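Let me begin by presenting the structure, written as structure tokens, before commenting on it.
The values are calculated or read from the model by the stated rules, or taken from the named source; none is laboratory data. These numbers come from a predicted model, not from an experiment. Methodologically, a virtual Cβ is constructed for each residue, glycine included, from the backbone with ideal geometry; neighbour enumeration extends over all protein chains shown. Surface accessibility is based on the protein's heavy atoms, side chains included, excluding ligands, DNA and RNA. Shrake-Rupley method; radii C 1.70, N 1.55, O 1.52, S 1.80 Å.
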Amino acid sequence: MVGLAVLLIAGGVYSFVSMPFGTGIAGVFARVIPVALGAFLFAGLYMLQPNEAALLSLFGKYKGTDRSEGLRWVNPLYSKRKLSLRARTLNTAPLKVNDKRGNPVEIGAAIVWRVRDSALAIFNVDDFERYVNVQAEAALRHIASLYAYDDGEDLAEGETTLRAGMEVVASAMRAELQSRFAAAGIDVEDAKLTHLAYAAEIAQVMLRRQQAEAIISARKKIVHGAVSMVEAALQGLSERQIVELDDERKAAMVSNLLVVLCSDKETQPVINTGTLYN
């Protein structure tokens, strides 16, 4: 078509140069028509880059989509709308939402998507990029409401949380996004959480709660270890017959050892020069 258009234009130009003027209407048409027809054919040329498509329509009627890269030609009357098929990334700003417990949390995500069906993306929704932004925010809010931020006594054992089960949450988010994007012919290639934190108004309270849980857990381990050490000490004294202790002296010894082993500060020994009974 490029060659034909060039020949027509060249023929029209040649006729202007070679044919004498004053040949009437027929001579004018002989000069103008080849040039106009060549320009008309040139109007049907367009170029597509890799991962780019052109939607073709004729007087408002959809005729198809061209995905072949390189120099292309179609009927010049077709309107051509180019659309990128490359992968795109949407990095949502942190949203303040409520988790399963109703606690306000901040959550953000990075979503990788691409246009799969260009006709649906252009003709089924008004603005597919804005559609993606709105639906991504809606999906993120919905997913956050299905899970609690962190473990707690009110949750079933092994229940998925936002903080500990990010892979499960990401998989659920991809499925949610895919179902929402289907109307626009868009595929979700990946979706991951990029931001997760308690909202500022409860962050300090939740931090103290986490610190308290950590202290309680540490104390349990310390007490368990101290009891085991005291038990081993009493058993060793009894087996080696180093000293005979009655129940009252054993109780005093256990109390002293537990204070020494469980205290979070250095202990000061008190030397008793008398006996336990005076």
Which residues, taken from the stretch 47-64, are farther than 22 Å from ARG114 by Cα and modelled with pLDDT of 90 or more?
SER57, LEU58, PHE59, LYS61, LYS63
So, GLU213, is that one at pLDDT 75 or above and acidic (Asp, Glu) or not?
no
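Among the strands (runs of 3 or more DSSP E) lying completely within the stretch 68-149, list those that include at least 2 residues that are surrounded by 13 or more Cβ atoms within 10 Å (Cβ to Cβ) and within 21 Å of the chain's Cα centre (by Cα).
Per the criteria, 88-91, 95-98, 104-115.
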Given the condition of a type in the set (A, V, I, L, M, F, W, C), touching a His at 6+ places or on another chain (Cβ under 7 Å) and in contact (Cβ under 8 Å) with a residue 60 or more places away in the chain, answer yes or no: does some residue in the stretch 103-123 qualify?
yes
State the number of residues belonging to the stretch 94-122 that are modelled with pLDDT under 90 and over 21 Å from THR161 (Cα atoms).
0
Mind checking which pairs have a first residue in the stretch 51-63 that is among the polar types (S, T, N, Q) and a second that is open to solvent by less than 80 Å² (accessible area, probe 1.4 Å), Cβ under 8 Å, 6 or more apart or different chains?
ASN51/SER84; ASN51/LEU85; SER57/TYR78; SER57/SER79
